[in-house]
Structure formats: C-alpha cells, structure tokens
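Following: one structure in structure tokens, then a few remarks.
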Number of protein chains: 2
Amino acid sequence: MSFFSSGVEYAIHSLMCMVDDSGNGREMSVREIAELHGMPYDYLGKVFTRLAKAGLVSSLEGRNGGYQLARSPAEITIRDVALAIDENKTLFDCREVRQRMAVFDSVIPVWACDTPCSVRLVMDEAQRQMYESLARHTILSLTRRMLKKVPDSYPIQISEWLTQRRSG
Amino acid sequence: MSFFSSGVEYAIHSLMCMVDDSGNGREMSVREIAELHGMPYDYLGKVFTRLAKAGLVSSLEGRNGGYQLARSPAEITIRDVALAIDENKTLFDCREVRQRMAVFDSVIPVWACDTPCSVRLVMDEAQRQMYESLARHTILSLTRRMLKKVPDSYPIQISEWLTQRRSG
DNA sequence: GGAAATCTACTCGGATACCGCGTGTCCGAGTTATGGTGG
DNA sequence: CCACCATAACTCGGACACGCGGTATCCGAGTAGATTTCC
C-alpha cells in the first residue's frame, strides 16, 4: 500500500475546490464536495474533522453550514494537509535490531539503547527531505498550476454546478 | 503502518554485518545472519532472494554456501536496498479524482485523462527527494558511521561469535 | 587408498495462516437556519 | 404580525464491518561440499 492514505488525496482535492476564481476561500459543505468529486460522503466527513482539528479549516454548524478555509490558501502547504490527515506516520519504524544481537547474551549494553540507530537516522533524514518537498507547495500554488492545464470553462462549470445545486 | 517494510530494515542490517573490519565483503549464510540479529530465519531467506535478484548480493549454493556482496559496499546505496525489497512502492497512489468529477456527466474530457494530475506530480517529486536522500548513503558509509558510536570490542565480538559458531 | 554412495547444510520458491490497519458505512447527538402554525 | 414549534441540513464522534497486504511459518526441491562405505 502507499504511504499516504486516500484521505490525504481527498483532502487536497477538497481544499483546492474551496478556492474560488479570485484565489480566495469559499464555503462549502462536505456533501457538496463529496458529490462534486465522487468521494464517499461519510469518509470525507472524518477527513474534514481532522482538517478542522489541525486548524486548516473552520466549521460552521447548523443548517447551511459547512467548512471554510481557516487560513489563506497560500498559507496552507501540502505538508500541512498530509500531517493533518496522517499524523505521526513514519516512513520507517526502527525495530531496534541492535538490541537483539546474539553477541549480547541477554545483557544489552547501554550504548545500544542510548545512541540512536544509524539506519533510523538515515531514514528520518529522508523523511524530512520528503516533507520539505511537500512544504514547498501550497493549496493556492497547486490550484493555479492545475488551472493552467485545464480549459477556461472548467472552473466556470464548477461554479455553475454549485449554484444550480444550491438553488434546486 | 510505515512505508518501508521490516524487510528493508533486516536487509540493511544484514548487509552491514557482511562488511568486515577492513571494509570488504565477507560471506555469510542466512542462518548465521538471522541468529546473529535475532531475525526470523525463513523471512530473512526471502529478503535475500530479493537482494540477489536485484544484483546486490550473489548466492553460493550447496553446503557451506551463503551470500556475499555482489558489489563493493561503497557502491550499494540505501536506495538500492530499499528498492530491491520494496519494489514499485509509491508514496501516493493517485485515484484520478478528476475523472470522477460530477460536472462531467459520464463524459470524461480528454484532458482529464491525458494531463497528469497536479497532486500526483507534487507527490512524485517528494518521493524522488526521499529516494535521493537515501542514495546519498551506502552500506559502507553507514557501517563506518555505526562503528564510530560503538566500543572497539563490538566488531571483534561479532567476528569471534562467527568463528566460534562455525567451528563448534 | 580411491571411487561411489550417503549425509548435511545451504539456496530457492510456492502455499498458507495470522492479524493489524486502511477504507468505508451506519447511526445517534448536537446546532442552526427555514417554514409552517396558532394566537 | 409575531411567537412558537417542527423540520431539514448541517457538523461531530463512536462503533463496526470488510478486505488487503505485511509478516511470518512450513514444506519440498535442487545443489554441492563433507563424510562414510565398500571394494
């Protein structure tokens, strides 16, 4: 399986569609977003609960409620989103092989417990590089990049789909 | 769960202990390695099959057989090992959300199929950064770094453990 | 003493079992506009 | 006209079911050095 859960993908696409044509945030409900993207509604609800808990979006309860971006889309990095959904995930979990070496017969030396495993250090560094790469992109930059590759009618279609759904 | 399987960890530690004091490769059997590290023997066997298939080690069949490094430990990067064990793993698998947008009623436009998803591009870039970070370390450099943090008696202990096991 | 047969310690690959976790679904509770109803 | 009430459309959180893949184990087949046996 892949490292990032499907929730991360859902979250990024969701936040991207919450940016309107002028680059500002727009309020949307989970149901709207789910139907627009063909995502499972209940599952997306949990995704947004996590986004809210991480402070990326804020919720408006009650009828006509929904979510809106809590920060400018230029200040929400992809790293933020990934960490909000998949928190405390590590590329590698060290099983402390050194402490199980047969040369220590049931007496593990202190250095094997205190000093960090070299393998783990290398992996942690790689993970840091990965997250730094993700931190270089924001919801806004991603949205702008997408709009370049798409016909001009596309964002209009979405806006119309939204207004039509809200009226009917 | 973590991205890299436990097999990657086993493989790295195994290859590290196949480097002798002078930095050259030394032949060892899977059973020796498994017992030395307290790793599951059968499972480690499969790990080495993959390492051999990737050309990182070469096998010597028959009695007194085993594995030896197929290249200099300075020319085996951690990236090589990770790819040998966990091949074709991706940080992120794109579910092509764009193609499920409700604004396309059952008629998916060509651009949504041809142009790559922006989200995927960002993730792929992050994955590349991660692997490049891993490629900067080799089995030899990792071994050397480990030896610095360890009492001088440690590598001697391992060598003695080996010779004693082979004689008795 | 030398050749042949047997034994042993390996590498391989397939089949399988276990189990945690990602993914998705269902349900109930709390909140707030909206619309209807009665005085 | 206004107060009140029911309803609908939301957000939230817990519980649970399903299935896949990581981890591990078992077993049989093939290979080759070591050992024994036998002439």
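The values are calculated or read from the model by the stated rules, or taken from the named source; none is laboratory data. None of the values given here were measured: they were computed from a predicted structure. Positions of Cβ are generated from backbone atoms using ideal geometry, with glycine treated the same way; all protein chains shown enter the neighbour counts.
Which of the numbered conditions does A:Glu35 fail, given that it passes all the others? Conditions: (1) in contact (Cβ under 8 Å) with a residue 12 or more places away in the chain; (2) buried (at least 22 other Cβ atoms within 10 Å of the Cβ). If we test A:Glu35 against (1) in contact (Cβ under 8 Å) with a residue 12 or more places away in the chain; (2) buried (at least 22 other Cβ atoms within 10 Å of the Cβ), just (2) comes out false. I'd like to check something: does segment B:81-94 contain any residue that is exposed (fewer than 15 other Cβ atoms within 10 Å of the Cβ), of a type in the set (Gly, Ala, Ser) and at negative phi? There is no residue in segment B:81-94 that is exposed (fewer than 15 other Cβ atoms within 10 Å of the Cβ), of a type in the set (Gly, Ala, Ser) and at negative phi. Does A:Ser14 satisfy being assigned to a loop (DSSP other than H, G, I, E, B), within 17 Å of the chain's Cα centre (by Cα) and not aromatic (Phe, Trp, Tyr)? No. If you filter segment A:84-113 down to residues that are in contact (Cβ under 8 Å) with a residue 40 or more places away in the chain and more than 10 Å from chain B (Cβ to nearest Cβ), you find that the one that is nearest to B:Lys149 (Cα to Cα) is A:Asp86.
Within the set A:Ser22, A:Ser59, the sole residue that is hydroxyl-bearing (Ser, Thr, Tyr) and within 13 Å of DNA strand C (Cβ to nearest atom) turns out to be A:Ser59.
Return a yes/no flag: does segment A:113-134 have any residue that is within 16 Å of DNA strand C (Cβ to nearest atom) and of a type outside the set (A, V, I, L, M). Within segment A:113-134, one or more residues are within 16 Å of DNA strand C (Cβ to nearest atom) and of a type outside the set (A, V, I, L, M).
Listed here are the residues, each with its yes/no results for (1) exposed (fewer than 15 other Cβ atoms within 10 Å of the Cβ); (2) at the interface with chain A (Cβ under 9 Å from one of its Cβ atoms); (3) in a helix (DSSP H, G or I); (4) not β-branched (Val, Ile, Thr).
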{"residue": "B:Met123", "(1), (2), (3), (4)": "no, yes, yes, yes"}
{"residue": "B:Leu134", "(1), (2), (3), (4)": "no, yes, yes, yes"}
{"residue": "B:Leu142", "(1), (2), (3), (4)": "no, yes, yes, yes"}
{"residue": "B:Leu147", "(1), (2), (3), (4)": "no, no, yes, yes"}
{"residue": "B:Pro151", "(1), (2), (3), (4)": "yes, yes, no, yes"}
{"residue": "B:Ile156", "(1), (2), (3), (4)": "yes, no, yes, no"}
{"residue": "B:Leu162", "(1), (2), (3), (4)": "no, no, yes, yes"}
{"residue": "B:Arg166", "(1), (2), (3), (4)": "yes, no, yes, yes"}
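Of the residues making up segment A:45-63, just one is crowded, with 20+ Cβ neighbours inside 10 Å and without any contact (Cβ under 8 Å) to a residue 40 or more places away in the chain, namely A:Phe48. Of all the numbered requirements in (1) under 30 Å from A:Leu36 (Cα atoms); (2) within 16 Å of DNA strand C (Cβ to nearest atom); (3) not hydroxyl-bearing (Ser, Thr, Tyr), B:Leu51 misses one, and that requirement is (1). Within segment B:1-27, being more than 16 Å from DNA strand D (Cβ to nearest atom) and more than 21 Å from A:Leu91 (Cα to Cα) holds for B:Cys17, B:Met18, B:Val19, B:Asp20, B:Asp21, B:Ser22, B:Gly23, B:Asn24, B:Gly25, B:Arg26. For B:Gly23, the requirement of being small (Gly, Ala, Ser) and modelled with pLDDT under 95 is met.
Among the conditions (1) more than 14 Å from DNA strand C (Cβ to nearest atom); (2) more than 11 Å from chain B (Cβ to nearest Cβ), A:Lys46 misses just one, which is (1). The listed residues are B:Ile108, B:Ile139, and the only one of them that is away from DNA strand C (no atom under 12 Å from the Cβ), of a type in the set (A, V, I, L, M) and under 21 Å from A:Gln129 (Cβ atoms) turns out to be B:Ile139.
Yes or no: B:Arg71 among the basic types (Lys, Arg) and assigned to a helix (DSSP H, G or I)?
Criteria not met by B:Arg71.
Take the residues of segment A:29-43 that are under 16 Å from B:Phe104 (Cβ atoms) and part of a loop (DSSP other than H, G, I, E, B): which is nearest to DNA strand C (Cβ to nearest atom)? Taking the candidates together, the pick is A:Met39. Among the residues of segment B:140-149, those that are in contact with a Ser or Thr (Cβ under 8 Å, 6 or more places away or on another chain) and aliphatic (A, V, I, L, M) comprise B:Leu140, B:Leu142, B:Met146.
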